[in-house]
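What follows is a set of notes on a single structure, which appears directly below.
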Amino acid sequence: MSSPGSDVTEIEDVLDEPAHETASGAAPVVERPPARSWRTRADFVAVALIAVVSLVASVLTWAFSDARATTSVTGPSSWDPLPEVTALPPSLAEVWRAKSGATQSPVVVLTPSKDTGEEKPSTVVTGDGGEVNGRDPLTGDVRWTYERDLPLCVVSTGWGRAMALYSKGTNCSELTSLDGVTGERRAQRNGDAEPGTALLNEGSHLIATGSKYLEVYRRDDLVKSLEYGSLRAIVNPGKQPRVGCAFGSVAVSSGKFALIERCPDDSSDRVSVLKPNPDKSDEPKVFTSVVTAGKNAQVVAVTDKLAAVALPNPSRIAVYDAESGALVTETPVDVPAADFVEPPNHVARSFSTKTNVFWFSGSKTIALALDTLTPQWTAEGTLGAGTTLAGRALIPVKDGLRVYEQTTGQLVGTIRVNREGHTGPVQLATAGPVVLEQRGETLVALR
């Protein structure tokens, strides 16, 4: 065995450096050579190149991202509640107006009251071009703004939020939900809705209408719960109940929606009632689907038990059982055949109260009893379905707003409104004491 001294000598020979013995006589420690410096010119050049590449990549990512082309200005988290309306006003005058080509009817966001939890109107939403604005119902002042460099297809509402659907190409594919009070962005989803779509909220789901395809989104997270019709990308073929059909009008109710289908193998229009949230989104759940006794049909209302369809030649309201498809009643109505055209955006112009459904045919407004969907009374020469204020029905006519008792149809009076030459359809809504009129691409507030 070599002595410790000989081992040290061998190490010294290899390193050609002296070894230093510790004071305790322990094994010697060899000094390491000095570390190589990484601060050479080549190193600095490499680091600079990496930084430049990273910066360019970040700039390009931002330049072509959706975030660059989005502006979001949020508002306060709460507003004073609107005053209650207990009596009809003696007159109405314009208090503000705004361009709103993306709203098909006045959009009023409802939010729960802090005291009772009851949903109350809080914000009026307008949309035009690529900009969505949340406004004070009383003044029209802008509380919040959300804007993209994409054209809006439609603006609607649901679950205390504004729903903004943008087009990014051929279809309406970019859906964004915005907090109705603050304007903060919430859930977003990509879809495949057709141009000219409407967004209908039935309480728990949002339905995008179309002529050959419709889709349904679930609340809060906007997960797609149903695809119906001609799917672009069919993953599981044979799941759709009918192919090659064109769609007419759509009506919604809690847990159900009804639509008119025009299929090549049917002699007349078909009414189908579907579940908005089947077990699988590409496997529709159809409650019932029956061929009606006519063409140019419109589905005007649907409830948990019934579906009402307007049919021409002769003009009548046919009511079907929403589960079995059986014809329940058929009632004649005095509606001209010229009114039986496809309603805009595949939605019959109607609104519901606790007692009635009001349907605008195109020249008349017919009140249907909510429990039976049978016609009760008719308002002649109207411009829209109407709305309610202080418990009375307000229905737009040429010279203003007619006031009716909801249940009997008794005429109470007429509130004069100067529409400055506008003679087209008028869609109504209310927000507290404010009456909102959608006149074409303009929203007008009256008080």
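The values are calculated or read from the model by the stated rules, or taken from the named source; none is laboratory data. Predicted model, so just to flag it, every value in this text is computed and none were measured. Note that we place each Cβ from the backbone using ideal geometry, even for glycine, and neighbour counts take in every protein chain shown. SASA here: full protein model, heavy atoms, side chains in, ligands and nucleic acids out. Shrake-Rupley method; radii C 1.70, N 1.55, O 1.52, S 1.80 Å.
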Inset, instruction - At least 2 residues that are under 24 Å from Gly432 (Cα atoms) in each: list the strands (runs of 3 or more DSSP E) lying fully within region 349-418 that qualify. - result: 350-352, 356-360, 364-369, 387-389, 392-397, 400-404, 411-416
Inset, instruction - Could you please find all residues in region 356-410 being among the small types (Gly, Ala, Ser), within 27 Å of the chain's Cα centre (by Cα) and closer than 19 Å to His422 by Cβ? - result: Gly362, Gly384, Ala385, Gly386
Inset, instruction - Pull up region 229-272, narrow it to residues that are over 26 Å from the mean Cα position of the chain (by Cα) and polar (S, T, N, Q), then point me to the one that is nearest to Ala208 (Cα to Cα). - result: Asn236
Inset, instruction - Please identify the pairs in which a residue from region 289-306 that is of a type in the set (Lys, Arg) has its Cβ atom under 6 Å from the Cβ atom of a residue that is open to solvent by less than 10 Å² (accessible area, probe 1.4 Å), counting only partners at least 6 apart or on another chain. - result: Lys295/Asp269; Lys305/Ala322
Legend entry - Test: residue in region 427-447 that is of a type in the set (A, V, I, L, M, F, W, C), part of a loop (DSSP other than H, G, I, E, B) and either open to solvent by less than 10 Å² (accessible area, probe 1.4 Å) or modelled with pLDDT under 95 (or both): no
Inset, instruction - Pull up region 252-290, narrow it to residues that are of a type in the set (Gly, Ala, Ser) and out of contact with any Lys or Arg (no Cβ under 8 Å at 6 or more places or on another chain), then point me to the one that is nearest to Phe351 (Cα to Cα). - result: Ser253
Legend entry - Of all residues in region 265-281 being small (Gly, Ala, Ser) and either at positive phi or not in a strand (DSSP E or B) (or both), the one that is least open to solvent (accessible area, probe 1.4 Å): Ser268
Inset, instruction - Quick one: Leu373 ticks every box in (1) within 28 Å of Arg97 (Cβ to Cβ); (2) buried (at least 19 other Cβ atoms within 10 Å of the Cβ); (3) in contact (Cβ under 8 Å) with a residue 60 or more places away in the chain; (4) in contact with a Leu (Cβ under 8 Å, 6 or more places away or on another chain) except a single one, so which number is it? - result: (1)
Legend entry - Some residue of region 199-216 being among the charged types (D, E, K, R) and assigned to a strand (DSSP E or B): yes
